[in-house]
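Novice: One structure, as structure tokens, below. Some questions next.
The values are calculated or read from the model by the stated rules, or taken from the named source; none is laboratory data. What you are looking at is a predicted structure, and each value in this text was computed from that prediction instead of being measured. Neighbour counts are summed over all protein chains in view; Cβ atoms, including those assigned to glycine, are modelled from backbone coordinates with ideal geometry. The protein model used for the area step is the full one, side chains on, heavy atoms only, and it has no ligands, DNA or RNA in it. Shrake-Rupley method; radii C 1.70, N 1.55, O 1.52, S 1.80 Å.
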Amino acid sequence: MQKELAKQYEPAEAEERLYKWWMESGFFRPSGDATKPPYTIMMPPPNITGQLHMGHAFPYTMQDILIRWRRMQGYDTLWLPGTDHASIATEARIVEAMAKEGLTKDDIGREGFLERAWQWNETYGGRITEQLKKLGFSCDWERQRFTMDEGCNRAVNRVFCDLYEKGLIYRGERIINWCSHCLTSISDAEVEYEEKEGHFWHLRYPLADGSGKYLTLATTRPETMLGDTAVAVHPEDPRYQAFIGKSVILPVVGKEIPVVADSYVEMDFGTGVVKITPAHDPNDFEVGLRHNLPVLNVMTDEGKMNENAGQYAGFDRYECRKALVAELERQGFLEKVEPTRHNVGSCYRCDTVVEPRVSLQWFVKMKPLAEPAIETVRKGETRMVPERFTKTYFNWMENIKDWCISRQLWWGHRIPVWYCAECGEMTVAAEAPCACGKCGGSITQDPDTLDTWFSSALWPFSTLGWPENTADFARYYPTSTLVTAYDIIFFWVARMIFSGLAYTGKTPFDTVLFSGIVRDAQGRKMSKSLGNGIDPLEVIAQFGADALRFSLITGNSPGNDVRLSDEKVGASRNFANKLWNASRFIRMNLGETERAFALPSAQSRAPEDGWILSRLNRLIGEVTENLEKFELGIALQKIYDFLWDDFCDWYIELSKPRLQGGGEAADAARGVLVYTLERTLRLLHPFMPFVTEEVWQSLPHDGMSVMLAPWPEFDPALASPEDEMRTEILLAAIRAVRSRRAEMNVPPGRRAKLYVESVSPELFRAGEEFFRRLAGASAVEPVEKGFDLEGAVRVITPDCRITIPLGDLVDLEAERARLRKELEAAEKQIAAVQAKLSNEGFLAKAPENVVAAQREALRRAEEKATLLRESLRKC
């Protein structure tokens, strides 16, 4: 046990020292004790592209709270950390860095690029790991994984091959979302839609029969008309029955395209005629399949018009739009232009407007995988907290489309497919074959990589050694609680659920706890453009990790966003300092002895002892219940209120007379102080691990670390309603007296006698010392009911009526002088207003509201004068 605590708590020094000790001692490792129930959390792996930000700090702090709490409860806990290769984002960052050297991917080739990517991972993956440690996260860093390490890659290849053999992975030409900046396909979940200003261009498509008739249609993307291969009308639309089966001339281009009938067209929307561009619209693609239409791609990967665009080849898509619209107008095909607002999809990584286009890609059939994943949530095998997010989950899963999993990138899991250059045979295999199995010819691997989320979807079990039945997999899978932000429910949560069910036969976690996002003090989302981001590392350097953790959790509830500001973190630091100062006071009152101070027996406890122990006991029960419900913010607020108000502001003050008196009474007070503080430190430890460890080590204790100390349990024997009631009566009276003194600006050193009328006079006699110390009382005298005293102040609570001689609170002569001065001023004001209101000229000329205001001023001044005269009479 340390002999004393420093005068001030220095977070920087303590945090570095304690974390190093925790790591060296192996406290973060699971026990592996088969007699203990397992509790597993998989850390959502941060990308290796950047550094720690509040989007990590918030949900990861929630995870650390849960893992520390369960560890103290006796669970065999595993919190497994790791990092994600983040293919699109990482490749973009590396390309950006290479550009500064004047290099491109083609300059160094695929192998050279991958060497750089692995170096990037070594540098930045390691950096973010060290940053995570700054927040005190108690992960088992020895089990740390990376989504592209050997074990995870083995799992990815196994899953791909298995799904292919089951017919759930296929290769084909379909409409996908294409990012012309990242130069890759992206899944539907990676497209962010935003309503933007746009236009409807109404175009005339003349009939090819030379009749001079035409069909009018509207489009928001006129440049795609260069890929039109039909126009469509509804088969039951009476306006266009005569046109079905005929042809129209594609304006500017001049080629004939058919008019087809398809129920996809909405008769009551627009003109009831739509252009069909199968290569550049997902709905048009389906129409094209039904009518066997040609698929004509008119754009390059970079978003420029290709050779199929004729005279516009080489134009940027938006340059083409401008030039084409001008030509349509010149040739008389543009009927009108209308403004509109419509949803525009952008790449979630780079904000580039996504281009739907037909492309040869690899896909996963989602419906067979989605159905059991829907059912497992519906049956409650995996529950979501808060429950409202199940609606979002069901909506997406029930309307899910096939998942495009191939990416035109070099960094990522290479698709395990090989093609024979001689016979064209395609081989799908988890291990690379040496040659074509059919003809023995040379083979080349598919150049594409898999979507990052394909490997991330396997995270709960690939990290534990699956597909091998390892000891970790057998012990810690399925995992317990997934904590993640609600904005990746589609990207990650849903995919982990269907993947876990498909490959292990078990849901990967029993609970998904959603965090919100961190916003600034004004409620705005943090962003570079607003410049309102808060760097967690800077906050830690200034205020300490505990203060940041406290600020992120306090007042928050599952699924809700949190506001953060320097003022909020500063207040959290003040709480740590309050705890430190109170603990230092207690530690100094323990003396130099190493002996433990026993909790006094129930019979020998003072009422205030029973009160604090009873309230502590209730706190233990409530906090445990809150944590079981994942109400972390409520639990922390209760601990805060207890420590700040009940313990620091009241019980420590109530214990001082006995501490100063010495003897057995002092030892009893010490026993209660140490017991209460030590148990409360355990409750607070998951939230503020550093300061609680530092204080705990200074107290008499059993065990090596507070994080290994048993979680406090509710003890009915400590409940003491009578002591609570008796002490609360006294505290309510003290609060009321202090409040009245504050209202009257009574100097702290001025003491007053208290005459107390109560049904429990003995209680106030016994508590006289408390009123002397805490309420500025010179004496406390119980009185009979109906007691009255001229020139006195009265304070009333539900349990007592306190009379205080006014002369004890204020200097009566000075008070009389003050009252006379105020009365004189009030009388002058009354005379002035009366004179104004008796002036006929004023009443005739002044607006009604001005006259009314003067009458109200007179009424208030007269009321004030009456009160002052009454006060003078009593003074």
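Novice: Above 14 Å lies some portion of the pair distances; for the range 338-415, what is it as a whole percent of all C-alpha pairs?
Specialist: Here the tail beyond 14 Å accounts for 76 percent of pairs.
Novice: Just to confirm the number: angle between the C-alpha axis of helix 87-99 and the first principal axis of the chain, 0 to 90 degrees, nearest 10?
Specialist: Orientation of helix 87-99: about 80 degrees from the principal axis.
Novice: Ile517's amide H: which non-local residues (gap 5+, or another chain) put their own amide H closer than 5 Å, with H modeled 1.01 Å from N in plane and none for Pro or chain starts?
Specialist: Sorted by chain and number, the residues that satisfy this are Asp561, Val562.
Novice: How would you order 644-650, 661-667 from highest to lowest mean count of nearby Cβ atoms within 10 Å?
Specialist: 644-650, 661-667
Novice: Please give the helix 848-874 orientation as an angle from the longest Cα principal axis of the chain, in degrees from 0 to 90, rounded to the nearest 10.
Specialist: Between helix and principal axis, roughly 40 degrees.
Novice: Which whole-percent values make up P(r) of the range 410-562 when all C-alpha to C-alpha distances are grouped in 10 Å steps starting at zero?
Specialist: Spelled out per bin, shortest first, that is 9, 23, 24, 24, 12, 7, 2.
Novice: Considering amide H positions built from the backbone, and no H for Pro or chain starts, which residues 5 or more places from Ala777, or on another chain, come under 5 Å of its amide H?
Specialist: The answer is Ala752, Arg772.
Novice: Moving on to the next point. Quick check on the range 716-799: what does the Kirkwood estimate of hydrodynamic radius come out to from the alpha carbon pairs, in Å?
Specialist: 13.7 Å
Novice: Assuming 0.36 nm per residue, please report the length gained on full extension of the stretch Arg378 to Asn283 beyond their Cα-Cα distance.
Specialist: Difference between extended and current length: 31.1 nm.
Novice: Kindly flag which residue pairs out of Lys196/Lys525; Lys367/Lys401; Lys7/Lys134 have an alpha-carbon separation exceeding 18 Å in this structure.
Specialist: As for pairs spanning more than 18 Å Cα to Cα, those are Lys196/Lys525; Lys7/Lys134.
Novice: Now, a different point. Roughly what would the spin-label model give for Glu824 and Leu789, points 7 Å off Cα along C-beta, in nm?
Specialist: My value for the distance between the label points is 3.1 nm.
Novice: Still on this structure, please answer the following. Could you estimate the translational diffusion coefficient of the range 358-471 from the Stokes-Einstein equation, with Rh from the Kirkwood formula over C-alpha pairs, at 10 °C and 1.306 mPa s, in whole µm²/s?
Specialist: The calculation lands on 93 µm²/s.
Novice: What percent do you get for the relative contact order of the chain when only Cα pairs under 8 Å and 6+ apart count?
Specialist: Relative contact order, the chain: 13 percent.
Novice: Sticking with this structure for a sec: Around Arg605, under 15 Å between beta carbons, what's the net of Lys plus Arg minus Asp minus Glu among the other residues?
Specialist: Spelling it out: positives minus negatives among the neighbours equals -4.
Novice: 5 Å is the cut-off here: which amide hydrogens, built 1.01 Å from N in the peptide plane, fall below it relative to Tyr39, excluding neighbours closer than 5 in sequence?
Specialist: Hits under the 5 Å cutoff: Asp76, Thr77, Leu78.
Novice: So if R0 is 35 Å, what FRET efficiency would Leu708 and Leu103 give, r being the distance between their Cβ atoms, rounded to the nearest 0.05?
Specialist: Here the calculated transfer efficiency is 0.10.
Novice: Which FRET efficiency value, to the nearest 0.05, do you get for Asp446 and Thr340 by plugging their Cβ-Cβ distance into 1/(1 + (r/R0)^6) with R0 = 45 Å?
Specialist: Approximately 0.65, to the nearest 0.05.
Novice: Can you work out the Karplus-derived ³J(HN,Hα) for every residue in the range 339-344? Use 6.51 cos²θ - 1.76 cosθ + 1.60 with θ = phi - 60°, whole Hz, and x for glycine or proline.
Specialist: With the stated coefficients, the range 339-344 comes to x, 8, 10, 8, 6, 10 Hz.
Novice: While we're looking at this one, here's another question. Does the range 582-632 come out rounded, prolate or oblate, given a ≥ b ≥ c as the square roots of the eigenvalues of its C-alpha gyration tensor, rounded meaning a/c under 1.5 and, failing that, prolate meaning a/b above b/c?
Specialist: Here the range 582-632 falls in the oblate category.
Novice: Using Cα-Cα distances under 8 Å and only pairs 6 or more residues apart, what relative contact order does the range 525-638 have, in percent?
Specialist: 31 percent
Novice: Based on alpha-carbon atoms only, what is the radius of gyration of the range 282-379 relative to the globular estimate 2.2 N^0.38 Å?
Specialist: 1.52
Novice: Suppose R0 equals 60 Å. What FRET efficiency, 1/(1 + (r/R0)^6) with r the Cβ-Cβ distance, do Arg127 and Ser263 give to the nearest 0.05?
Specialist: 0.60
Novice: In sequence order, what are the phi-derived ³J(HN,Hα) couplings for the range 387-393 according to the Karplus relation 6.51 cos²θ - 1.76 cosθ + 1.60 with θ = phi - 60°, rounded to whole Hz, with x for glycine and proline?
Specialist: With coefficients 6.51, -1.76 and 1.60, one gets 5, 4, 6, 5, 5, 4, 4 Hz.
Novice: Roughly how far apart, in whole Å, are the Cα centres of the range 607-632 and the range 122-195?
Specialist: The two parts, judged by their Cα centres, are 43 Å apart.
Novice: So, in Å, what gap is there between the alpha-carbon centers of the range 443-485 and the range 654-722?
Specialist: Using only Cα atoms, the two centres lie 43 Å from each other.
Novice: A further question follows. Multiply the residue gap between Ala835 and Arg290 by 0.36 nm, knock off their C-alpha separation, and tell me the result in nm, one decimal place.
Specialist: 186.8 nm
Novice: Further question: What shape does the chain have by the C-alpha gyration tensor, where a ≥ b ≥ c are the square roots of the eigenvalues, rounded means a/c under 1.5, and otherwise prolate means a/b greater than b/c and oblate the rest?
Specialist: Note, shape of the chain comes out oblate.
Novice: In Å, what Rg and Dmax follow from the Cα atoms of the range 68-211?
Specialist: 23.5, 86
Novice: How many Å² of accessible area per residue for the range 681-788, probe 1.4 Å?
Specialist: With the other protein chains kept in place, the range 681-788 gives 46 Å² per residue.
Novice: With 21 Å as the limit, write out which pairs from Lys213/Lys275; Lys246/Lys322; Lys578/Lys656; Lys304/Lys365 have Cα-Cα distances beyond it, or answer none.
Specialist: With Cα atoms farther than 21 Å apart: Lys246/Lys322; Lys304/Lys365.
Novice: Per 0.36 nm of contour for each residue apart, how much would the distance between Glu150 and Ala326 grow if the chain were fully extended, relative to their Cα-Cα spacing?
Specialist: Result: 57.7 nm gained on full extension.
Novice: What whole-number distance in Å separates the alpha-carbon centres of the range 39-110 and the range 803-875?
Specialist: Between the Cα centres of the range 39-110 and the range 803-875 lies a distance of 70 Å.
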